[in-house]
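Take a look at the structure set out below.
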Amino acid sequence: MTVVERRAARVLLVDPAGRALLLQGSDPARPGTTWWFTPGGGLEPGESAAQGAARELFEEVGLRVDPDALGESFHQELTEFSYGGRRYSQEQEFFVLRVPGWQVDTAGMDAEEKATITAHRWWSADEIEASAESVYPVELPGLLRRMS
């Protein structure tokens, strides 16, 4: 199977209690399998990581932010996963944005996102560690603690 290589940007949207907003997603190729993840996604041609992170944040949760407000990336990683019957190798950068709270607005999601992103909630590091659900990145509890 061919591996699609891509770059992505993600946002750790963090509230005053140190909780991160996560989205629950699924893969149409694997019905019944779900996981939680940070807002973000693949970069468009010519887009910087901060620009992509800001665009994805608006599309997925309705929060408009200037890319410059995201500052420098906080964490980088290489992840490999499958989605829609394709394999991906993704270099991704994570940005941190602290907010007093946020009411998610999914109006900006495209049709695929609306079909595969089914829930959202704020998670603490302890809740992530205690959960049997899949949460990505797997080191998220440590990242949240590192920010406090």
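Points worth noting:
- Some residue of the stretch 122-129 being surrounded by 13 or more Cβ atoms within 10 Å (Cβ to Cβ), touching a residue at least 40 places away in the same chain (Cβ under 8 Å) and closer than 30 Å to THR2 by Cα: no
- LEU21 meets the conditions (1) buried (at least 17 other Cβ atoms within 10 Å of the Cβ); (2) more than 13 Å from the chain's Cα centre (by Cα) in every case but one. The failed one is (2).
- Of the helices (runs of 4 or more DSSP H) lying entirely inside the stretch 31-132, those containing at least 3 residues that are modelled with pLDDT under 95 and more than 15 Å from the chain's Cα centre (by Cα) are 111-116.
- Matching residues in the stretch 130-146 - criterion: being surrounded by 14 or more Cβ atoms within 10 Å (Cβ to Cβ) and either free of Cβ contacts under 8 Å to residues at least 12 places away in the same chain or among the hydrophobic types (A, V, I, L, M, F, W, C) (or both): VAL135, LEU140, LEU143, LEU144
- The number of residues in the stretch 32-68 being polar (S, T, N, Q) and surrounded by 21 or more Cβ atoms within 10 Å (Cβ to Cβ) comes to 1.
The values are calculated or read from the model by the stated rules, or taken from the named source; none is laboratory data. No experiment lies behind these values; they were computed from the predicted model shown. Neighbour counts run over all protein chains shown; Cβ positions are idealised from the backbone, glycine included.
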